[in-house]
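Engineer: My questions all concern the structure below.
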Amino acid sequence: MYDCTCDFFRYREKEKKNPILNNIKIPVFIPFGDKDECVLTQPIEDVIYYLQSNLQNCEVKVIKDADHSYTGKYDELEKVIDKYLKEHE
């Protein structure tokens with residue numbers, strides 16, 4: 001059983017595979033902001049590399065100047081989600 005109290009996303013360990021994420025077989029879309037104070041505890045390049053290395057079918061979309069709550073970026077978030085969904089119907 002996975003211990004949820006530990007660091008789930010180990011971005012610092014870029015080469016280490018996450019057994020939970022590696023078992024996800026469906027497409028995954030991950031939008032986040034380049035000012036996200038929660039997701040970006042490590043350099044953005046490390047976060048993207050980690051996600052794409054651990055999720056077999058992962059698309060990451062970085063929204064410029066968006067924080068964790070997408071403050072003032074709701075329209076842009078809606079557009080990127082809508083675009084992704086239309087491309088994957």
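Throughout, read-outs are computed from the coordinates displayed, never taken from laboratory work. All values reported here derive from a predicted model rather than from experimental measurement.
Engineer: Apply the Debye scattering formula to region 19-87, with a single equal point scatterer on each alpha-carbon and no solvent, then give log10 I(q)/I(0) at q = 0.12, 0.22 Å⁻¹.
Structural biologist: -0.33, -1.00
Engineer: Please give every one of the lysines within straight-line cross-link reach of LYS64, meaning a C-alpha to C-alpha distance under 22 Å, and leave out same-chain neighbours fewer than 8 residues apart.
Structural biologist: Within the straight-line limit of under 22 Å, LYS64 reaches these lysines: LYS35, LYS73, LYS79, LYS83, LYS86.
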